[in-house]
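Written out below as structure tokens is the structure these notes cover.
The values are calculated or read from the model by the stated rules, or taken from the named source; none is laboratory data. What you are looking at is a predicted structure, and each value in this text was computed from that prediction instead of being measured. With ideal geometry, Cβ positions are generated from the backbone for all residues, glycine too; neighbour counts draw on all protein chains shown. Heavy atoms of the whole protein, side chains included, go into the accessibility calculation; ligands, DNA and RNA do not. Shrake-Rupley method; radii C 1.70, N 1.55, O 1.52, S 1.80 Å.
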Amino acid sequence: MALRIALYRPEIPPNTGNIARLCVALGAELHIVGEPAFELSEKAARRAGLDYWDKLKLILHPNWEDFSKSLDTDSNLYLISTKGEVSYTSPQYGENDVFLFGNETSGLPQEIFQSEIPNGILRIPMEEDCRCLNLSNAVAVIAYEALRQIRRW
């Protein structure tokens, strides 16, 4: 199984393209949960992902319920949010882990935060003057830490 990155209703094509390219580089799956705010075939997403789209392991889920039911029993699901209280460096990650990121303007919806998420909500520490990181940067930070632990890079 591969590391899995999940985006909840992404809104900005270049971010999704950059994340797709990152997933190919890391051998990770990309899951899109809900409808993106753009067509995945849009030129901006394709351009950001360059010529890697045919190598991308992309799985589309129509909604949160479908996505959550698709998770393996040995998968740890982590929500990534500025609302998290646990640093992303604290957990010990495994090969089947799944990281769910909210969209660029509103993050994850309340219904997901109210779900039973046994592994919790993680955050990337940053200075108080900064509201949040760019989505593709946040995905890269988390993905590389997870793979550093898993593969001992």
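Key figures
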| read-out | value |
| --- | --- |
| Filter result (more than 15 Å from the chain's Cα centre (by Cα), open to solvent by less than 70 Å² (accessible area, probe 1.4 Å), of a type in the set (Gly, Ala, Ser) and over 16 Å from ASN63 (Cα atoms)) within the stretch 85-130 | SER87, GLY94 |
| Answer from SER136, SER87, SER115, SER81 - the residue that is among the hydroxyl-bearing types (Ser, Thr, Tyr), more than 26 Å from GLY17 (Cβ to Cβ) and either touching a residue at least 60 places away in the same chain (Cβ under 8 Å) or in contact with a Lys or Arg (Cβ under 7 Å, 6 or more places away or on another chain) (or both) | SER87 |
| Cβ pairs under 7 Å, 6+ apart, first in the stretch 4-29 and hydrophobic (A, V, I, L, M, F, W, C), second open to solvent by 40 Å² or more (accessible area, probe 1.4 Å) and part of a loop (DSSP other than H, G, I, E, B) | ILE12/GLU104 |
| Residue match in the stretch 62-83 (condition: of a type in the set (S, T, N, Q), in contact with an Asp or Glu (Cβ under 6 Å, 6 or more places away or on another chain) and surrounded by fewer than 19 Cβ atoms within 10 Å (Cβ to Cβ)) | yes |
| Residues of the stretch 26-45 that turn out to be surrounded by 14 or more Cβ atoms within 10 Å (Cβ to Cβ) and at pLDDT 90 or above, as a count | 9 |
